[in-house]
Structures are given as structure tokens and as C-alpha cells.
1. Among the residues of the range 5-34, write down those that are within 10 Å of Lys72 (Cα to Cα) and surrounded by 15 or more Cβ atoms within 10 Å (Cβ to Cβ).
2. Given the condition more than 15 Å from Ile5 (Cα to Cα) and among the hydroxyl-bearing types (Ser, Thr, Tyr), answer yes or no: does some residue in the range 50-62 qualify?
3. In the range 35-53, which residues are aromatic (Phe, Trp, Tyr) and crowded, with 16+ Cβ neighbours inside 10 Å?
4. Being charged (D, E, K, R), in contact with a strand residue (DSSP E or B) (Cβ under 8 Å, 6 or more places away or on another chain) and part of a helix (DSSP H, G or I) is the filter; apply it to the range 60-102 and report the residue that is nearest to Ser45 (Cα to Cα).
5. If you check every pair at least six apart or on different chains, which have Cβ atoms under 9 Å apart with a residue in the range 15-28 that is of a type in the set (Ser, Thr, Tyr) first and a residue that is at pLDDT 95 or above and part of a strand (DSSP E or B) second?
6. Looking at Ala99, Ala80, Ala56, which one is buried (at least 17 other Cβ atoms within 10 Å of the Cβ) and either more than 23 Å from Gly34 (Cα to Cα) or out of contact with any His (no Cβ under 9 Å at 6 or more places or on another chain) (or both)?
7. For Arg62, work out the one condition from (1) surrounded by fewer than 16 Cβ atoms within 10 Å (Cβ to Cβ); (2) of a type in the set (D, E, K, R); (3) modelled with pLDDT under 90 it doesn't fulfil.
Amino acid sequence: MPLRIVTPLAVIVDQPAIRLRAADASGSFGILPGHADFLTRLAVSVVTWVTPDGAAHFCAVRGGALTVRAGKVAIATREAVTGDDLDRLDREVLSRFRANLDEERVEHVETTRLQLHVMRQMLSRLQPKPRGAGH
């Protein structure tokens with residue numbers, strides 16, 4: 001089955017696979033040729049697959065979407081790093097991806113707070129003033 005892993009900037013993997021393992025919010029799962037069409041949101045994890053020559057391959061992904069359609073597997077992710085050393089990918093790359101994800105969450109919370117503050121300020125200025133006040 002064809003496997004393609006892409007980021008916004010590049011095609012990271014484009015090769016056949018005879019089996020694949022990935023992880024979503026429910027845990028780890030496998031895909032074999034003939035799998036039903038499928039769509040899931042990937043966790044920050046390492047995707048593993050085996051090519052027809054029996055070689056194992058690894059790619060750390062920063063979340064993303066995995067689709068199986070008509071026997072083809074596609075993964076779209078923000079960032080992906082391939083490597084032969086599963087321990088290094090798990091230890092170094094995934095920890096960096098998780099740290100980035102935590103930073104993005106903090107930034108999102110702060111941005112939301114700023115937006116709410118601006119909205120409150122706008123609403124307070126748009127409220128009609130009571131009669132007899134301030135004239």
C-alpha cells in the first residue's frame with residue numbers, strides 16, 4: 001500500500017508499506033493492506049512501517065491527520081522527522097514536539113485572554129450611558 005507523509009513544506013515519505021503502526025487519542029493501532037477507509041487525528045508520536053523488502057522505518061510526527069482511502073495511506077502533519085534510531089526519535093524529537101505543543105497552548109490561552117479583554121473594553125464603550133451622567 002502506498003504511504004505518503006507530508007508537511008506544509010515537503011513530502012517527507014513516499015514509499016510502499018506492507019504494514020504501519022501509529023497512535024491517536026485512543027492509543028496505538030495498525031494498518032494492513034486492504035484496511036477500510038479511515039480517518040483519525042494523530043497524537044504526537046512515532047509512526048512505524050515496514051516496506052516490502054522487510055526494512056522497518058520510523059517517523060516522529062507532531063500530530064496531524066491520517067487517512068486511508070482506496071488502499072492508500074496519507075499522513076498530513078505540521079512537522080515530521082524520519083530516523084533509523086527509534087530511541088532517539090522517541091527521546092529527543094518527541095520531547096521537543098511536546099514542548100512546542102505546550103508552548104502553543106500557553107500562547108493560545110494568552111491570545112484568548114487578550115481578545116476577551118479587548119471585547120470587554122469595546123462593549124463597555126458601546127454601552128449607553130445612563131441619563132444625567134457625565135453632562
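The values are calculated or read from the model by the stated rules, or taken from the named source; none is laboratory data. These numbers come from a predicted model, not from an experiment. Quick reminder, even Gly has a Cβ in these numbers, built from the backbone with ideal geometry, and neighbours come from all protein chains shown.
1. Quick first cut of the range 5-34, residues within 10 Å of Lys72 (Cα to Cα) only: 16-17, 33-34.
Passing the criteria: only Ala17.
2. Applying the first criterion (more than 15 Å from Ile5 (Cα to Cα)) to the range 50-62 yields 52-56.
Now drop any that are not among the hydroxyl-bearing types (Ser, Thr, Tyr), which leaves none.
No, because not a single residue in the range 50-62 is more than 15 Å from Ile5 (Cα to Cα) and among the hydroxyl-bearing types (Ser, Thr, Tyr).
3. Result: Trp49, single match.
4. Asp90
5. Listed by first residue and then by second, the contacts come to Ser26/Thr40; Ser28/Arg21; Ser28/Ala22.
6. Numbers: Ala99 fails: buried (at least 17 other Cβ atoms within 10 Å of the Cβ); Ala56 fails: buried (at least 17 other Cβ atoms within 10 Å of the Cβ).
Only one candidate passes the filter, namely Ala80.
7. If we test Arg62 against (1) surrounded by fewer than 16 Cβ atoms within 10 Å (Cβ to Cβ); (2) of a type in the set (D, E, K, R); (3) modelled with pLDDT under 90, just (1) comes out false.
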